Amino acid sequence: MTANRLPARMPPRLQSRPGRGNRWSRTLPAVALAAVLLLPAALPAAARAQAAPLPTAEDLLRRVDEAWNVLRVRMQATLAVLPRDRPPSTFAVLLSRGAPNRLRVDFLSPPKDQGKALLQRDDKTWLFLPRAKKTIAISPRQSPLAGAMFSDLFPEDLAAYDARVTDLGDTVGLELRPREGQKRNHSTIFFDKSSLLPIRREIRSRSGKHLKSVYIEATRQWEGRPVPERMRIVDHVHDDLELRLEVTSIEALPPAADAWFEKSALGQPATPPAAPPAGPTTEPSTASDRSDP
């Protein structure tokens, strides 16, 4: 019986070329060397990522309050309404905020809308018509802003929600669920993880229907606060209607201006604020355009 014997000559693909090892003998040392060189640099980065704690819900709520809940101010701004079924409309406006849930919009242009004034107070909305010289109660859908509610831009009464923080990679999510007895929608606010500036808000009904998306595309410093300078709202209920807001100037309102937020004051003319030196503009991360996780 003949014993198994190795071939006298190895196949060419297994032979090592003169002065070289085979493919694996050349590759493995290189891989091992790369691992040795990269591992010390990778470990501290991973350790830092694990060591960085998530901000608390209280921290993020304070950030929202600093950025969005700026009361007793007046802003000159451009508002663009972009519906899908008709041509876009652009307005120059004075947007004034008084006490919580008090907001007034005075229309400066175009000429056909000049002199109109809109007042949102709690859940009621009025529109002043200068040609008719009268004030009428309207629904949000009847307003010149095509149903945009400024509570979408400036969420208020944050204490009415229970909050939960979620790590989403390069963003942090703050889920706001209305407390028992509160007739409010669910909301999630997304923050850039490096700056902790709010960059996006998603609003859903209690049943989970996607209502609106709010994007903060740029902020400016005003009295030490990162106030939104350029924002965008997408209304998912009404054919993805889009509202864009760009603030050009901002000033504080005196206490006497509280009377502006009465229905009877809508016919009084508004005066644009003087434009102060603009603070630095912050462009948030492109994560603001991401869809929900």
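Condition check ((1) within 28 Å of residue 190 (Cβ to Cβ); (2) out of contact with any helix residue (DSSP H, G or I) (no Cβ under 8 Å at 6 or more places or on another chain); (3) of a type outside the set (A, V, I, L, M)) across all residues:
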| residue | (1), (2), (3) |
| --- | --- |
| 69 | yes, no, yes |
| 78 | yes, yes, yes |
| 86 | no, yes, yes |
| 94 | no, yes, no |
| 103 | yes, no, no |
| 118 | no, yes, no |
| 131 | no, yes, yes |
Counting only residues in region 244-264 that are more than 21 Å from the chain's Cα centre (by Cα) and part of a strand (DSSP E or B), the one surrounded by the fewest Cβ atoms within 10 Å (Cβ to Cβ) is identified as 252
Report, by residue number, each residue of region 218-243 that is among the acidic types (Asp, Glu) and either without any contact (Cβ under 8 Å) to a residue 40 or more places away in the chain or not in a strand (DSSP E or B) (or both). 223, 239, 240
Any residue at all in region 183-196 that is at pLDDT 90 or above, basic (Lys, Arg) and more than 24 Å from residue 90 (Cβ to Cβ)? yes
Inside region 78-97, can you point out the residues that are part of a strand (DSSP E or B) and either free of Cβ contacts under 8 Å to residues at least 40 places away in the same chain or of a type in the set (Asp, Glu) (or both)? 90, 92, 93
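The values are calculated or read from the model by the stated rules, or taken from the named source; none is laboratory data. Keep in mind the model is a prediction, meaning the values are calculated, not measured. Virtual Cβ from ideal backbone geometry, glycine too; neighbours counted across all protein chains shown.
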